[in-house]
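What follows is a single structure, written as structure tokens, with notes after it.
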Amino acid sequence: MIRKMMLVGGAMISALVLGTSTAEAATGYLISQGKDYAQYDSETGFAEVCDEEQDGNGVYAQYKQKIGMLTLRDSNGSKIGCGHATIPDVTSFRVCEDDAGADSCTTWRLVR
Ligand SMILES: [Ca+2]
Ligand SMILES: [Ca+2]
């Protein structure tokens with residue numbers, strides 16, 4: 001258990017380092033599933049989901065708020081352009097792919 005917690009901590013540190021090196025705001029969060037990804041900025045509330053794989057599977061992100069949850073889609077699939085919204089007070093989010101059977105989703109990414 002202790003070992004697992006240390007691994008999680010290490011992952012968070014590398015995510016922060018990556019954030020500064022790409023000049024993203026420290027409030028930005030990114031999760032990806034293959035090339036498909038979703039992001040969120042906790043300061044501006046900017047949310048984006050992008051389908052970057054030409055596999056015919058729709059991509060969407062779920063944003064949990066303190067009360068309720070919103071689903072944001074990349075409505076044109078893998079064509080250029082992503083789904084955008086401004087969603088305040090997100091506590092966690094994940095990206096999912098609408099593939100065969102139960103949809104494949106990442107684990108929830110916590111937002112602070
Ligand atoms: Ca995909
Ligand atoms: Ca698209």
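Any read-out appearing in this document is the output of simple, stated calculations on the displayed coordinates, not a laboratory observation. All of these numbers come straight from a predicted model, not from anything done at the bench. A quick note on method: Cβ atoms are made from the backbone with ideal geometry, for glycine too, and the neighbour counts reach across all protein chains shown.
Using R₀ = 41 Å, calculate the FRET efficiency as 1/(1 + (r/R₀)^6) where r is the Cβ-Cβ separation of residue 98 and residue 43; round to 0.05.
For residue 98 and residue 43, the calculated efficiency is 0.85.
Based on Cβ point charges of +1 for Lys and Arg and -1 for Asp and Glu, what charge dipole magnitude is obtained for region 27-110 about its Cα centre, in debye rounded to the nearest 20?
Using Cβ point charges on Lys, Arg, Asp and Glu, region 27-110 gives about 320 debye.
So what's region 27-110 giving for Rg/Rh, alpha carbon basis, Kirkwood Rh from the mean inverse pair distance?
Reported Rg/Rh, Kirkwood definition of Rh: 0.95.
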